[in-house]
Structures are given as C-alpha cells and as structure tokens.
Amino acid sequence: MTATAATLDAQAKINLALRILAREENGYHQLETLFARIDLADTVRVATDTSARELTLDGPDVGPRERNLAWRAAEAYMAEAGWPHGFAIHIEKRIPVGGGLGGGSADAGAVLRILNAIAPRPLPDAAVATLAFRLGADVPFVATDAPFALGWGRGERLLALNPLPARELLLCLPPFGVETGAAFGWIDAQRREEPLRAPAPLRPQDVDRWDGIARLAGNDFETPVIHRHPGIAACLEALTAAGARIARMSGSGSTVFGVFDRRPPAELPGVPTGTRVVHARTLTHVAQVRPLD
Ligand code: ATP
C-alpha cells in the first residue's frame, strides 16, 4: 500500500472463555482463552510524513502519552523497522477504559497493523507478533485480522478459527473499571485457599459452533471480581433473564456481555444504577486498514 497515512477501526475483544492457569516464576500467569472481536471500536489514524512524535486523543483521559499503548506500539515498530522517522497518531476513543474489552490493546494492534500496511518494507508477520506480545497479552490477537481465535501462553500462542455466524450482544458497562493486576492478585489469593484444578483444554473442534461455546464459556476472574463488585452478578442475572444464551464477564471486568440468538430486548431490567447497556455484535470480518492519501 503506498500511502503515508492510514486509518483503522480498532475493534474491541471479548473473552468467550478465559481460564487463568499456572503462575510462572516471573509472576505472569499462563492463560487459555477464546477471543472474539466485536464491532465496538476506537478509530485510530496514523500519519508518518512528520519527524515529530505526536499523539492526540478525543475521549477520556487515559494517562500520559508515553504510557499509551498506541504510542508504545509506534515506538516499538520504529525501533524494529527503522521506519517511520516520526508519527502523528490520533485516537477517537469509544471503547470503555479498564473494562476488559482490550481498548488500549486494540489501539496498539491498530497502530502495528497500520504501520505495517503502509511501510515501504513491511516486517514479517512473526516480527509484528513479537512486538505485539511485548505490549500485552491481548495485543497479539488484536494485531491480527482474525475475528475468533484460541489463545494460550500469555496470549502469544494463537490459533485463528473460522468465523462463526454473527450474534447480537448486549454489553453492561458498570460505572467502575477493574484493574487487571489487582484481579490477578485476587486469583492468587483464592488459589492459596483452593488450589487450581486445571480443566480439560479448549479444543478448536469444541468451539466451532455457538452451542459448543455456550457449554465451555466461563471466566476465572468472575468469582473474585463478583466478591468485590456484587453488581457484576446482577448484570449476569439480568442478561440471562433477558434470554442471553451466554452471559459472562469479559477479561478481568468490569464489562459483562450477553450473546443473543435473536434480537435482544431494548430494556434490561435489573441492572444496577449507573450501568450503561450498549448494543453490539460479534464480527465475521475484522476491519481493514484504509489509506488516507
Ligand atoms: P485488558 O482486558 O487488556 O486489561 P481493559 O479493557 O481492561 O484491557 P484498557 O481500556 O485497555 O483496559 O486500559 C487499561 C489501562 O491502560 C488504562 O488504565 C489506561 O491508563 C492504559 N492505557 C494505555 N493506553 C491506552 C489506550 N490507548 N486506551 C485506553 N487505555 C490505555
């Protein structure tokens, strides 16, 4: 693609299944997850015809720019590829922050995809995947264009799956986020009381239909997070009562999603005050990079 600037919808993810497995010596946990991309997205634009480094953002304050995952993705790409010589990133933020929807990761994945699409000499996919892995456990998945994938390790071992028919979702967005590091600490504390009994591995053939996913859907963060935020349980109950085939928390929370086989109801009685309910869909195709010049 010959362009100096491009844009991409940085689509969020949900975890249809999320299992937290052994804690490594270095403190990181092994995980096993079934990721799905959804149509809730930030818009990310990157221009490379500059020698400056800039990041602008429409939306909530997400902290200093040097800590922004989109900025860090651009710096990592520059260091690896020796290109570009500067960047101007603009993000229109719509994905709730700290909600378990991987918003920061999606922005980082979008920057990597944009830069590699317009680079004069693109990096091999494996090199982009390594940059993504260094940025966080969700970034390798959202740096691909797979709508569904199984993920293992720290999210870097991925198996892209065939897309499933799109389903409508309701997302319950509580008025608070959950800090992922704290949630891992709650799991460790719980496991000191009650050691992990590893479940049977998630196999691609078990999750190639929505029925199979409904049987295996689960999230190890739910119990410890609900213990501290009982409103999450109320969201799960409200979605189930409204007919959701699957109702689960995404990531370490606080977002709770319901997967519906039919059009979901317009109202969701029983959700705690202050919780926003948003309509979304799973994807059969992930957005592609669009050149701007
Ligand atoms: P995960 O499930 O990966 O933990 P999340 O959806 O819970 O993701 P994010 O919205 O990605 O969490 O944000 C978590 C933290 O990352 C925020 O506190 C924010 O300061 C930081 N952050 C860095 N870059 C971004 C970004 N581009 N957008 C949002 N948050 C960002």
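Here are some notes:
- Breaking point among (1) farther than 29 Å from A73 by Cβ; (2) modelled with pLDDT under 95; (3) part of a loop (DSSP other than H, G, I, E, B), for Q190: (3)
- Among the residues of the range 74-103, those identified as in contact with a strand residue (DSSP E or B) (Cβ under 9 Å, 6 or more places away or on another chain), modelled with pLDDT of 95 or more and of a type in the set (G, A, S) are A74, G86, A88, G100, G102, G103.
- Of the residues making up the range 227-253, those that are within 16 Å of the ligand (Cβ to nearest atom), part of a loop (DSSP other than H, G, I, E, B) and at pLDDT 95 or above are H229, S250, G251, S252.
Residues are listed down the side, and each one gets a yes or a no for (1) touching a residue at least 60 places away in the same chain (Cβ under 8 Å); (2) closer than 25 Å to L40 by Cα; (3) polar (S, T, N, Q):
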| site | (1), (2), (3) |
| --- | --- |
| L171 | yes, yes, no |
| P201 | yes, no, no |
| D208 | no, yes, no |
| V225 | no, yes, no |
| R228 | no, no, no |
| A238 | yes, yes, no |
| S250 | yes, yes, yes |
| V256 | yes, yes, no |
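- Among residues of the range 87-140 being β-branched (V, I, T) and within 10 Å of the ligand (Cβ to nearest atom), the one that is surrounded by the fewest Cβ atoms within 10 Å (Cβ to Cβ) is V97.
- Some residue of the range 28-36 being within 13 Å of the ligand (Cβ to nearest atom), crowded, with 22+ Cβ neighbours inside 10 Å and either among the acidic types (D, E) or touching a residue at least 12 places away in the same chain (Cβ under 8 Å) (or both): yes
The values are calculated or read from the model by the stated rules, or taken from the named source; none is laboratory data. Only a predicted model underlies this, so the values are computations on that prediction, with no experimental measurement involved. In this analysis, Cβ positions are derived from the backbone assuming ideal geometry, glycine residues included, and neighbour counts consider all displayed protein chains.
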